[in-house]
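Below: the structure, in structure tokens.
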Amino acid sequence: MAGIENHEIVSIYPYTDEQIDQLMTDAGECVLMWATQDSWPVGVYHSFVWRDGRIWITFAAHRHRTAAMRRNPKVSVAVSAVSCRTPGVMRGSATAKGRAVIHEDVATKAWFYPALAAKSNPGNPAGAALFETRLDSPLRVVLEVVPEKWITFDSMKSGMDVAGTLPEELRGKRLESDAVRYERELARRGLK
């Protein structure tokens, strides 16, 4: 039974708050997910800015997602370490469950556009300036996602555990899915 636990119990490999901050600062893109009017989950890739513990994204006001988030502000944002600008520093992913706040004010756009343009064009001030002018349109909104819960997986910790080198203090506690539901599913399948 230990072999099953080695690859099916994954909640014990969480990111720390510092790792979440590093991932969100360094990653180049995310998937923003929301529910449509008929309850279908939908996700679209976006460039984003991580600032003050919030995820900031932009798109045009006429997009279906704008109406959907005005109707139901519950969203998720998934970020993979694959999109990090510093390769090899992190592996894994983080998903934030949060609430969407749509901004259309000049003050938010004034800091956000330059921040997104610079992040999207590192080391290229001319490219950043061009991108910033393209962002500045009358239909553009800025989305702030306020995280309420994080779901993370540090695959570097998982790999260390498989190799037998993960220090016990880096292992997280089993979350409900692995502490309760896992055992219940084993029993339901007659594997316990």
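The values are calculated or read from the model by the stated rules, or taken from the named source; none is laboratory data. Note that this is a predicted model, so its numbers are computed, not measured. Neighbour counts run over all protein chains shown; Cβ positions are idealised from the backbone, glycine included.
Among the candidates Arg171, Arg140, Arg134, which residue alone is of a type outside the set (Ser, Thr, Tyr) and touching a Ser or Thr at 6+ places or on another chain (Cβ under 7 Å)?
Just a single option satisfies the conditions, and that option is Arg140.
Taking the stretch 133-157 only, how many residues are touching a Leu at 6+ places or on another chain (Cβ under 8 Å) and either among the small types (Gly, Ala, Ser) or without any contact (Cβ under 8 Å) to a residue 40 or more places away in the chain (or both)?
Residues flagged as touching a Leu at 6+ places or on another chain (Cβ under 8 Å) and either among the small types (Gly, Ala, Ser) or without any contact (Cβ under 8 Å) to a residue 40 or more places away in the chain (or both) within the stretch 133-157 amount to 0.
Among the residues of the stretch 83-137, how many are over 23 Å from Asp21 (Cα atoms), in contact with a Phe, Trp or Tyr (Cβ under 8 Å, 6 or more places away or on another chain) and of a type in the set (A, V, I, L, M, F, W, C)?
Number satisfying all stated conditions: 1.
So the check is Cβ under 8 Å with 6+ separation or different chains; which pairs have a first residue in the stretch 25-36 that's crowded, with 17+ Cβ neighbours inside 10 Å and a second one that's in a loop (DSSP other than H, G, I, E, B) and charged (D, E, K, R)?
Asp26/Arg85; Ala27/Arg85
May I ask you to list the residues in the stretch 8-24 that are in contact (Cβ under 8 Å) with a residue 24 or more places away in the chain and either among the charged types (D, E, K, R) or assigned to a helix (DSSP H, G or I) (or both)?
Answer for the stretch 8-24, where residues must be in contact (Cβ under 8 Å) with a residue 24 or more places away in the chain and either among the charged types (D, E, K, R) or assigned to a helix (DSSP H, G or I) (or both): Glu8, Gln19, Ile20, Asp21, Gln22, Leu23, Met24.
Would you mention how many residues in the stretch 159-182 are without any contact (Cβ under 8 Å) to a residue 12 or more places away in the chain, under 25 Å from the mean Cα position of the chain (by Cα) and outside any helix (DSSP H, G or I)?
The qualifying residues number 1.
Exactly one condition in (1) in contact (Cβ under 8 Å) with a residue 60 or more places away in the chain; (2) among the hydroxyl-bearing types (Ser, Thr, Tyr); (3) part of a strand (DSSP E or B) is not met by Tyr45; state its number.
The number of the failed condition is (1).
Assuming Trp150 fulfils every condition listed in (1) under 20 Å from Tyr45 (Cα atoms); (2) of a type outside the set (Asp, Glu); (3) at pLDDT below 95 apart from one, which condition is it?
(3)
Determine whether the stretch 87-98 contains at least one residue that is of a type outside the set (Lys, Arg) and more than 30 Å from Pro167 (Cα to Cα).
yes
Can you tell me how many residues within the stretch 47-82 are hydroxyl-bearing (Ser, Thr, Tyr), farther than 22 Å from Asp136 by Cβ and out of contact with any Phe, Trp or Tyr (no Cβ under 9 Å at 6 or more places or on another chain)?
Result for the stretch 47-82: 1.
Just a yes or no: is a residue in the stretch 144-151 more than 25 Å from Leu23 (Cα to Cα) and surrounded by fewer than 16 Cβ atoms within 10 Å (Cβ to Cβ)?
Within the stretch 144-151 (the criterion being more than 25 Å from Leu23 (Cα to Cα) and surrounded by fewer than 16 Cβ atoms within 10 Å (Cβ to Cβ)), the answer is no, since none of the residues qualifies.
Does Arg54 satisfy the condition of being closer than 15 Å to Ile102 by Cα, surrounded by 13 or more Cβ atoms within 10 Å (Cβ to Cβ) and touching a strand residue (DSSP E or B) at 6+ places or on another chain (Cβ under 6 Å)?
When the stated conditions are applied, Arg54 passes them.
Which number in (1) part of a helix (DSSP H, G or I); (2) at pLDDT below 95; (3) of a type outside the set (Gly, Ala, Ser) marks the one condition that Pro138 misses?
(1)
Return only the number of the condition from (1) within 24 Å of Gln22 (Cα to Cα); (2) without any contact (Cβ under 8 Å) to a residue 24 or more places away in the chain that Trp50 does not satisfy.
All conditions pass for Trp50, except number (2).
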